[in-house]
1. Under a 5 Å amide H to amide H cut-off, with H placed in plane at 1.01 Å, what residues pair with ILE52 once short-range neighbours are removed?
2. For segment 50-84 and segment 12-43, what is the centre-to-centre distance using only Cα atoms, to the nearest Å?
3. Order ILE29, ILE122, ILE155, ILE136, most accessible first, counting only protein heavy atoms with a 1.4 angstrom probe.
4. By a straight-distance test (C-alpha under 20 Å), which lysines pair with LYS76 as possible cross-link partners, with residues fewer than eight away in the same chain excluded?
5. HN-Hα J couplings of segment 53-68 from phi, Karplus 6.51/-1.76/1.60, θ = phi - 60°, integer Hz, Gly and Pro as x?
6. Compare the Cα positions of ILE182, LEU59, ASN108 along the charge dipole of segment 42-191 (+1 at Cβ of Lys, Arg; -1 at Cβ of Asp, Glu; about the Cα centre) and return the one farthest towards the positive end.
7. Please identify the longest segment of the chain free of exposed trypsin sites (Lys or Arg not before Pro), where exposed means a DSSP state other than H, G, I, E or B and no more than 15 other Cβ atoms within 10 Å.
8. Name the longest site-free stretch of the chain, where the excluded sites are GluC sites (Glu not before Pro) in a DSSP loop with no more than 10 other beta-carbon atoms within 10 Å.
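The values are calculated or read from the model by the stated rules, or taken from the named source; none is laboratory data. Just so it is clear, the structure is predicted and the values come from calculations on it, not from any experiment. Here the Cβ positions follow ideal geometry from the backbone for every residue, glycine too, while neighbour counts run over all protein chains shown. Only protein heavy atoms, including side chains, enter the accessible area calculation; ligands, DNA and RNA are left aside. Shrake-Rupley method; radii C 1.70, N 1.55, O 1.52, S 1.80 Å.
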Amino acid sequence: GKVEGFITLKEQIREDAKQLEKQFEKVDIKEVIMLTGDHEANARKIANQVGIHKLYAGLLPQDKLEKVKQLKEKGKVIFVGDGINDSPVLAVSDFGISMGEATQIANNTADAILISNHISSIPEMIQIARKTMHIIQFNIIFSLVIKAIMLIMGIMGISPVWLAIVADTGVSLITVLNSVRIMKKAKAKNA
């Protein structure tokens with residue numbers, strides 16, 4: 001009828017999770033918010049250790065879902081989660097990321113999976129995605145401009161067929177070579 005002792009379990013904070021807000025500021029992420037089912041005191045302690053200033057604690061899965069819906073009204077939401085309870089939020093967020101060691105349902109629901117389990121790789125992932133979009137946009141515009149020039153020259157009768165074929169093949173080759181830069185950048189980051 002009396003307590004003889006108790007055992008306390010607590011998760012270790014990963015080194016790469018420290019100073020999250022500073023890491024995300026480098027890629028123009030305006031705000032990092034913690035949504036957790038943990039008690040306020042525990043959540044605040046963890047948030048302080050990793051540099052997160054805004055948090056919502058004591059949330060049930062449906063509360064997290066409602067909170068993300070509210071946040072989406074203010075802007076884009078990237079959500080990182082790893083459990084079954086996070087799956088609905090991963091699905092509703094603009095971009096859901098699960099950790100590599102997450103539950104199968106979280107991995108199936110997420111848009112991306114951090115195989116390395118390093119949350120610090122998210123800013124790098126964002127940089128590579130932005131670089132990829134710039135390259136894709138350049139490739140599309142470049143190929144359309146060359147094709148438009150060749151079309152106009154063809155209509156005017158000053159472009160032989162062989163030049164159009166060379167231009168088309170050349171554009172294809174240039175866009176492929178330009179796209180290879182994405183892989184080069186990703187390999188340089190991993191080296």
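1. none
2. Each part's Cα centre sits 12 Å from the other's.
3. Largest accessible area first, the list is ILE155, ILE136, ILE29, ILE122.
4. Counting by Cα, and skipping residues close in sequence, LYS76 has these lysines nearby: LYS22, LYS26, LYS30, LYS54, LYS64, LYS67, LYS131.
5. 9, 10, 8, 10, 10, x, 8, 7, x, 5, 5, 4, 4, 5, 5, 5
6. Result: ILE182, furthest along the dipole toward the positive end.
7. Longest run free of exposed loop sites: 77-191.
8. 12-191
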